[in-house]
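Visitor: Have a look at this one.
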Amino acid sequence: MDEQCEGRAPIPVPCAHRPTVGGLVVPWVTLRHPHAGWLLGRTRSDLMAACVRERRCQTCGEPLGARVVVMCRPEDLAQGYTAEPGMHPECAAYAGRACPMLAGRMDHHHRHPVSMAHLRCDNPACACQVWGDSPDRQTRAGQPADDYIAVWLDARDYRPAVDERGKVRGVALRGVRFLRLRPIPGREPSSETTRAIHALDAMRQLMTSPPPALDPEVTRSCP
Ligand SMILES: [Zn+2]
Ligand SMILES: [Zn+2]
């Protein structure tokens, strides 16, 4: 077993049953080629949606608990949802260390991302023949890596974001109470992201604090 390689994030207990590739846990949502094996970093959209609907952790695939961590980019907060299903706090901490994009080991998206067409095999009957790229992947090619924020939610506030036809787009962030907002440990968020975290944290405190007690002087002066 090479999971315990020097510098490798230790595998959290909920992921102990998951297969590994090069010592890294294969997340539950990962795409698998019928013959060529796991494609780490590629996800199946049907499993992403199932994760949100069935309230499973996207890393270990097990049911989520009382606290859910969702990794989102500042623009996801602005658009009101993130495409990333939630995780157990310990699985999220692992993903933050093991995933090259989350851990900040990539400063840019690949300039020439490998398209799904290149990953297809020669068998016309193989499932891979219908694989397609998300439009997102091509627009991000060569762009600076995204900043991520770990958003902690109470499981009662964890719900799907759906489109006009009821299709699951991800996890709702609009009108949702955030328990905590944290940058990914060990990586330096941009000043813009830091400002966004502080602003949201201030709003969160405003919404969750009890209203200030009335000043007795003011109440007395009322007619
Ligand atoms: Zn998990
Ligand atoms: Zn194939």
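Just so you know, all these numbers are worked out from the coordinates, no wet-lab data involved. Small disclaimer: the values here were computed from a predicted structure and weren't measured. All Cβ positions, glycine included, derive from the backbone under ideal geometry; neighbour counts span all protein chains shown.
Visitor: In whole Hz and in residue order, list the ³J(HN,Hα) couplings for region 10-26 that follow from phi through the Karplus curve 6.51 cos²θ - 1.76 cosθ + 1.60, θ = phi - 60°; x for Gly and Pro.
Guide: So the Karplus estimates, Gly and Pro as x, are x, 6, x, 3, x, 9, 4, 8, 6, x, 10, 10, x, x, 9, 5, 8 Hz.
Visitor: If one computes the Cα centroid of region 38-117 and of region 150-189, what distance in Å separates the two points?
Guide: So the separation of the two Cα centres works out to 11 Å.
Visitor: Using Cβ counts within 10 Å as a stand-in for footprinting exposure, how do ASP146, ASP133 rank, fewest first? Spell out each step's value before the answer.
Guide: Numbers: ASP146 18, ASP133 14.
In increasing order of surrounding Cβ atoms, one gets ASP133, ASP146.
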